[in-house]
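I have placed the structure first, in the form of structure tokens, so that the comments after it can refer back to it.
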């Protein structure tokens, strides 16, 4: 959230406001969709369109993440969430890909919600920085997603 050098709260950044507006549009669009199959097909198209809009390196990573998540956990339904590709069970997001460009960050993020079964003791990671998706990273993503939905 926006803050000055003194730490005073200045409100939401332009990127945060845009993400909230995008979320509201997603909810309205989802409410207007027809059958369950139509909803799933349109949600997948929305995810693929969001990925296609990304800058080169983000797009390449998002494409690989999408392929790994959908192959590893076909029970997760692709959908957009605050304008990001996300993967949900029963309509609730389990994991998502946040491009570096989304909030002008230096890396993309693979994030997991509290619905992901990644619990390990009293503290565990729920977000992972991505700068490149190699074969090793794909294997790690697949293992995390498999555990998340177990």
Practice item. Take the alpha carbon gyration tensor of the stretch 74-148, find the square roots of its eigenvalues, order them as a ≥ b ≥ c, and report rounded if a/c is under 1.5; if not, report prolate when a/b exceeds b/c, else oblate. Key: rounded
Practice item. Please say if the stretch 10-148 is rounded, prolate or oblate, where rounded means a/c under 1.5 for a ≥ b ≥ c the square roots of the C-alpha gyration tensor eigenvalues, and otherwise the choice is prolate for a/b larger than b/c and oblate otherwise? Key: rounded
Study note, to complete from the structure: Rounded to the nearest 500, the 222 nm mean residue ellipticity computed for the chain from DSSP H runs (n ≥ 4, each -39500 (n - 2.57)) alone is -15000 deg cm²/dmol
Exercise for review: Name the most mobile residue of 46, 114, 58, meaning the one with the largest mean-square fluctuation, in a Gaussian network model of the chain with Cα contacts below 10 Å.
Suggested key: 114
Review point. Under the definition of Cα pairs under 8 Å and six or more residues apart, what whole-number percent is the relative contact order of the chain?
Key: 19
Exercise for review: Take the alpha carbon gyration tensor of the stretch 44-92, find the square roots of its eigenvalues, order them as a ≥ b ≥ c, and report rounded if a/c is under 1.5; if not, report prolate when a/b exceeds b/c, else oblate.
Suggested key: oblate
Revision key, fill the gap. Ordering 92-105, 128-141 by per-residue average of other C-beta atoms within 10 angstrom, highest first, gives 92-105, 128-141
Point to revise | Cα centroid of the stretch 23-85 to Cα centroid of the stretch 99-135, whole Å | key: 17
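Computed from the coordinates by the stated procedures, all read-outs in this text should not be read as laboratory data. Please read these numbers as outputs of a predicted model, since none were measured by experiment. Cβ sites come from the backbone with ideal geometry, for glycine too, and all protein chains shown count toward neighbours.
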